[in-house]
Amino acid sequence: MSTVSERKIHPLGTHRVLEPAGAMPQSAWKIDNTPVARANEILCDVETLNVDSASFKQIADACDRDPARIAEHILGIVGERGKQHNPVTGSGGMFIGSVAEVGEALRGNVALQPGDRIASLVSLSLTPLHVEEITRVDVATGRVWIRGKAILFESGIWAKLPADIDENVALAVLDVAGAPAQVKRLCKPGQTVVVIGAAGKSGMLSCAEARRQVGSEGHVIGVVPHPESESAQLILSDHLVDTLVRADARDALELSEKVAGVVPALADVTINCVNVPATEMASILCTKDDGIVYFFSMSTSFTAAALGAEGVGRDVTMIIGNGYAKDHAETALQTLRDHPHLHDYFNAKYATKH
Ligand code: NAP
């Protein structure tokens, strides 16, 4: 097998794919994580990984939420695949760190210098990652502190960390930046929007953006399993939602009946932000004919969504949660800046503790 140093470099990073032949870095089982920048790559010193919520929950459950076992598990995945690409959920996450080296072909062509602090905006599921040591795992937030290096491809996207937001808060927000950016695009004044998993990271930001878009004539419903939680109470008291509905989104009938009890015409737009499988039908059933379902959740099954909608004869437009949308990083960070109580909550939960 040819090594990465022998293969022709490609902007999309295909020169790093080890197996199977012909795969892209994301779909590859294994990529080369040699921590050396090729001419069109950016080498970064990585400090923190924000493991995607669906992935972290699966790993934490498999390891009885024991930080040491979780660290071992992650080292195992990265050792086997050259990237933090959870083989069960298929999802990744993102990192923050500093630029160590800009490859010679990119120097002067990208607005990055060694030492710049950045967050990756491409998934860890395609990012070559070399972990020397895992120093800490925070089971409550899915963050993992490491000593290691990562490679960003020429096509990769990144954001310089903002000066006015704590780095770990920015990491948490940027991980889910696609959600509020898509909500901004999809929701219109006066509409009814249902956000499932409304009290999680992406859910809270989605409620805030939905509230802004639908205005006072619209209706935002937040579906949460634990309405008594601090984050659920915050979205209610801050008027990011008009109504909180307590439901388990795996119970499609219960959820859709509760939503119909609040808005009989059902939702124009439903945003799915949960981190567990089997919630496709609930999302479809609480959305009106000709409505839109946006599946941001990485636990979404294409088959369950497609066959489920067909099975109940519901003509809804279903959108896969593309993590990227134009200006998504700035939209998500601005959503936080515009909502001081939300910002305080994120600070309390995610900010760097000195
Ligand atoms: P999060 O902060 O962990 O929030 C998940 C929320 O789902 C929690 O509030 C949780 O409520 C709720 N939930 C769990 N089980 C539920 C159920 N049965 N019924 C109703 N709600 C339930 O996660 P996140 O970081 O916002 O991520 C949300 C999803 O987006 C995950 O699947 C993640 O993998 C995915 N994601 C997608 C992209 C993308 O590019 N598309 C990027 C990043 C993340 P409780 O905490 O009260 O149990």
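So, in segment 13-27, of the ones that are buried (at least 16 other Cβ atoms within 10 Å of the Cβ) and touching a residue at least 24 places away in the same chain (Cβ under 8 Å), which residue ends up farthest from L121 (Cα to Cα)?
It comes out as L18.
Could you grab the pairs with beta carbons closer than 6 Å, sequence gap of 6+ or different chains, first residue in segment 216-230 and small (G, A, S) and in a strand (DSSP E or B), second one more than 9 Å from the ligand (Cβ to nearest atom) and at pLDDT 95 or above?
Taking only residues 6 or more apart or on different chains, the pairs are G222/V195; G222/C207; G222/I235; G222/V241; G222/L244.
Could you tell me how many of the residues in segment 295-349 are buried (at least 18 other Cβ atoms within 10 Å of the Cβ) and within 15 Å of the chain's Cα centre (by Cα)?
Summing the residues that are buried (at least 18 other Cβ atoms within 10 Å of the Cβ) and within 15 Å of the chain's Cα centre (by Cα) in segment 295-349 gives 14.
Which residues, counting only those in segment 196-215, are within 6 Å of the ligand (Cβ to nearest atom), crowded, with 24+ Cβ neighbours inside 10 Å and either part of a loop (DSSP other than H, G, I, E, B) or more than 21 Å from the chain's Cα centre (by Cα) (or both)?
Within segment 196-215, G197, A199 qualify.
Residues of segment 217-256 being more than 15 Å from the ligand (Cβ to nearest atom) and surrounded by fewer than 16 Cβ atoms within 10 Å (Cβ to Cβ), which ones?
E217, S237, H239
Could you please tell me which pairs satisfy a Cβ distance under 8 Å, a separation of 6+ or placement on different chains, a first residue in segment 288-308 that is in contact (Cβ under 8 Å) with a residue 60 or more places away in the chain and outside the structural domain of S55 (by TED's automatic domain parsing), and a second residue that is in a strand (DSSP E or B) and away from the ligand (no atom under 14 Å from the Cβ)?
I292/D268; I292/V269; I292/T317; Y294/V269
Any residue in segment 49-58 that is within 16 Å of the ligand (Cβ to nearest atom), among the β-branched types (V, I, T) and buried (at least 23 other Cβ atoms within 10 Å of the Cβ)?
yes
Just checking, which of P264, P277 is assigned to a loop (DSSP other than H, G, I, E, B), more than 16 Å from A309 (Cα to Cα) and more than 10 Å from the ligand (Cβ to nearest atom)?
P264
Please go through segment 185-195 and pick out each residue that is in contact (Cβ under 8 Å) with a residue 40 or more places away in the chain and either assigned to a loop (DSSP other than H, G, I, E, B) or within 6 Å of the ligand (Cβ to nearest atom) (or both).
Within segment 185-195, C187, K188, Q191 qualify.
Look through A309, A348, A329 and report the one residue that is within 13 Å of the ligand (Cβ to nearest atom) and in a helix (DSSP H, G or I).
On inspection, the qualifying residue turns out to be A329.
The values are calculated or read from the model by the stated rules, or taken from the named source; none is laboratory data. What you see is a predicted model, and the numbers here were worked out from it, not measured in a lab. Cβ coordinates were reconstructed from backbone atoms using ideal geometry, including for glycine residues, and neighbour counts include every protein chain displayed.
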